[in-house]
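Colleague: The structure is given below, and queries will be raised subsequently.
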Amino acid sequence: MPEHRLLRLAASLSIAAFALCACHDQSASAAASPPTAPKVTVTTLRPQHIDILDDLSGRLSSVEVADVRPQVDGIVQKRLFVEGASVEAGQPLYQLDPASYQAAYDTALGTLQKAIATSKAAEITARRYQELLKVKGVSEQDVENYLAAADEARADIVTDRGALETARVNLTHTRIVAPISGKIGKSSVTAGALVTSDQTTALATIQSMDTLYLDVTRSSVEALRLQKAIASGRLQAGSSQVTVQTEDGATYPHPGKLLFSDVTVDATTGSITLRALIPNPGHELMPGMFLQAQFDEGEQDALLVPQTLVNRGSGGTATVLVVNRQNVVESRNVKADQAHGADWIVTSGLRAGDRLATDNLQSINAGMKVTPVEDTKKGA
């Protein structure tokens, strides 16, 4: 082999040997240095003063509802209202044919006037016979008879006056008026229809609109939990204010007020009924509407954890990842059963000052050493 080729081969082998030694040294150095702890953003938990709001749904109903019914028999002469309009209490709604009732009233009036005249004559006669008795012109029996006749005539006046009042009331009832103020619905009869005092079908229905009831249901378990929280002092009772959302999702501008909670649990559903009073000055809301309502249950200091950071296990357990003082990740069991917006209210398992891991959750696990970086944008 030529000498220059031998020199080239020797040089190549020297370079390869040097590179192999360098790689071995680098691998040994890398194995000797400890791995770098991954960075994890953490949020320090701090108590927050929050309002406990409960979202419930229910239907509206009128505070006052009255079915318009006839109180006497008769033929409808005319309808005196516009269907769907607002009416005032005492406003005429229907006119029945009053002829027969007017005749009965006139007859009763005549009977009463006759009884009054008869009573006056009986009293004059009784007084005259009392004077004659003084001079022994009549017997005592005659005087007693005429006094009794005068008493009977006065009693007839009372009876006939009652009959006249009955006739007057019946005549008045031929004009059917609104029993309450509100909006009146459609009429079930037209002019010419025969109505009776004992009929089951209402002529029309009036519903008050200025204020409405909102009835919602809540589980008895939740009601018991709230009562215990208030009794223990963990929760201060709320203002009983109710915020309503209409069916289109808009917030209704007039807040309502909680009136009462029912004292009986429904045996079928295990729930109780809450009733709120909702102002309706513009008659924007209507009975029968289905609304979402937010009830102010009270105030409390609570630890809030974003719902995305709580891992729910198959057995219903809830866990979060916490970075302890040694910067080691812990999996902590927590109790978080009540939502507050996008957060869970944690009632056990965490305390103020704990550092909650908020990112890289898929790449870290319990027991791992990490480098915590405090989240300065938002505290939990």
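The values are calculated or read from the model by the stated rules, or taken from the named source; none is laboratory data. What you are looking at is a predicted structure, and each value in this text was computed from that prediction instead of being measured. Positions of Cβ are generated from backbone atoms using ideal geometry, with glycine treated the same way; all protein chains shown enter the neighbour counts.
Colleague: Considering region 89-138 alone, what residues qualify as being hydroxyl-bearing (Ser, Thr, Tyr) and within 54 Å of the chain's Cα centre (by Cα)?
Modeller: Correct list: Tyr94, Ser100, Tyr101, Tyr105.
Colleague: Here's something else I'd like to know. Looking only at region 242-264, which residues are over 12 Å from the mean Cα position of the chain (by Cα) and modelled with pLDDT of 80 or more?
Modeller: Correct list: Thr246, Glu247, Asp248, Gly249, Ala250, Thr251, Tyr252, Pro253, His254, Thr264.
Colleague: Consider region 258-268. How many of its residues are surrounded by 11 or more Cβ atoms within 10 Å (Cβ to Cβ) and β-branched (Val, Ile, Thr)?
Modeller: 1
Colleague: Please work out if Leu303 is part of a strand (DSSP E or B) and at pLDDT below 90. Talk me through it step by step, then tell me what you get.
Modeller: On the way: part of a strand (DSSP E or B): yes; at pLDDT below 90: yes.
Judged against the criteria, Leu303 is a match.
Colleague: Which of the residues belonging to region 275-301 are of a type in the set (Phe, Trp, Tyr) and surrounded by fewer than 17 Cβ atoms within 10 Å (Cβ to Cβ)? I'd like the intermediate steps shown before the answer.
Modeller: Step one: list which residues in region 275-301 are of a type in the set (Phe, Trp, Tyr), which gives 290, 295.
Result: Phe290, single match.
Colleague: Output the residues belonging to region 186-209 that are surrounded by 14 or more Cβ atoms within 10 Å (Cβ to Cβ) and touching a Gly at 6+ places or on another chain (Cβ under 8 Å).
Modeller: Within region 186-209, Val195, Ala204, Thr205, Ile206, Gln207, Ser208, Met209 qualify.
Colleague: Follow-up question, since we're still on this one. Just name the residue that is farthest from Gly367 (Cα to Cα) out of those in region 311-333 that are free of Cβ contacts under 8 Å to residues at least 12 places away in the same chain and either in contact with a Gly (Cβ under 8 Å, 6 or more places away or on another chain) or charged (D, E, K, R) (or both).
Modeller: Looking at residues that are free of Cβ contacts under 8 Å to residues at least 12 places away in the same chain and either in contact with a Gly (Cβ under 8 Å, 6 or more places away or on another chain) or charged (D, E, K, R) (or both), I get Arg312.
Colleague: Same structure again: Going through region 322-346 one residue at a time, which ones are of a type outside the set (Asp, Glu) and at pLDDT below 85?
Modeller: Within region 322-346, Gln338, Ala339, His340, Gly341 qualify.
Colleague: Would you please name the residue that is nearest to the chain's Cα centre (by Cα), looking only at residues in region 315-364 that are assigned to a strand (DSSP E or B), surrounded by fewer than 18 Cβ atoms within 10 Å (Cβ to Cβ) and among the basic types (Lys, Arg)?
Modeller: Lys335
Colleague: Taking region 164-185, which residues are crowded, with 17+ Cβ neighbours inside 10 Å and under 16 Å from Ala108 (Cα atoms)?
Modeller: Leu164, Ala167, Asn170, Leu171
Colleague: Determine which single condition Ser363 fails, assuming it passes every other condition in (1) touching a residue at least 60 places away in the same chain (Cβ under 8 Å); (2) within 16 Å of Ala302 (Cα to Cα).
Modeller: (2)
Colleague: Here's another thing I want to ask about it. Which residue, of His340, His283, is out of contact with any strand residue (DSSP E or B) (no Cβ under 7 Å at 6 or more places or on another chain), in contact (Cβ under 8 Å) with a residue 60 or more places away in the chain and closer than 30 Å to Val242 by Cα?
Modeller: His283
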